[in-house]
Amino acid sequence: MSYLLRVQLPDRPGSLGSLAVALGSVGADIVSFDVVHRSDGIVVDDLVVDIAPGKLPDTLITAAERLTDVHVDSIRPFSGLLDGHRELELVDRVAGATNDRVQVLAEGVPKAMRVAWCLVISLDDGGGYRVAGSDSAPSTRRIDAPWLPLHGPSTLDVEAPWVPELWRDLDTKLAAAPLGSPTRALLVGRPGGPEFRPSEVARLGFLAGVVATVLF
């Protein structure tokens, strides 16, 4: 089994090595990692970790948090490897698509941004409506979107009145970025968290800005 751990640890030499030893003590191997955020002496890493079948993922949290100043933000099943060029690869796939390129974008964002789902939302006289969505995205066609028009990438308040009850019940973390126009946006969701870090929101904005030049 492979799991994706989001871990906060001290930003100093040897921290990742100590974490690797701690995880190795419970039979886990770090397959790959990606730096999500770094500031104030703390680094947030996403780690893909393999453990033997039958091992409980809770053992990974226990092993990691035995170390001083190490905290596991989240853990969830994962397939594939982390790839620092995944956003640009998605742009390339969208540019090369011969069918609905907006749909290709929506389907590719969850893997590129490590989110559960993605919707492309646009605004008309009736409010927000779904243009495209990934396989796991909410199927509703009309979405109340008072946050549109949007002029830059941002997190969205999951407790806001417009958020569907199911999204709130699942504690879905939300972020959005304009897609070529303030009245059109990429909306991404991560049920159960973790929270979107500023660097992730910035990357979403970068992706939306680049791919918009291909689409429109």
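Determine ³J(HN,Hα), in whole Hz, for all residues of the range 28-34 in sequence, where each value follows from phi through the Karplus function 6.51 cos²θ - 1.76 cosθ + 1.60 and θ = phi - 60°; x replaces Gly and Pro.
Coupling constants for the range 28-34: 10, 10, 7, 8, 6, 8, 9 Hz.
Among His37, His71, His151, what's the order by accessible area (1.4 angstrom probe), most exposed first?
His151, His71, His37
In terms of solvent-accessible area of protein heavy atoms at a 1.4 angstrom probe, what is the ranking of Tyr3, Tyr129, highest value first?
Sorted descending by solvent-accessible area, the residues read Tyr129, Tyr3.
Lys/Arg Cβ at +1, Asp/Glu Cβ at -1, dipole of the range 47-162 taken about the Cα centre: which of Gly128, Pro153, Pro138 is farthest positive-ward?
Positive-most Cα among the choices belongs to Pro138.
Report the Stokes-Einstein translational diffusion coefficient (µm² s⁻¹, integer) for the chain, Rh taken as the Kirkwood radius over Cα pairs, at 4 °C with viscosity 1.567 mPa s.
Once the numbers are plugged in, D ends up at 71 µm²/s.
The values are calculated or read from the model by the stated rules, or taken from the named source; none is laboratory data. Treat the numbers as computed from the prediction; the structure is a model and nothing was measured. As a convention, Cβ positions derive from the backbone with ideal geometry for all residues, glycine included, and neighbour counts pool all protein chains shown. The protein model used for the area step is the full one, side chains on, heavy atoms only, and it has no ligands, DNA or RNA in it. Shrake-Rupley method; radii C 1.70, N 1.55, O 1.52, S 1.80 Å.
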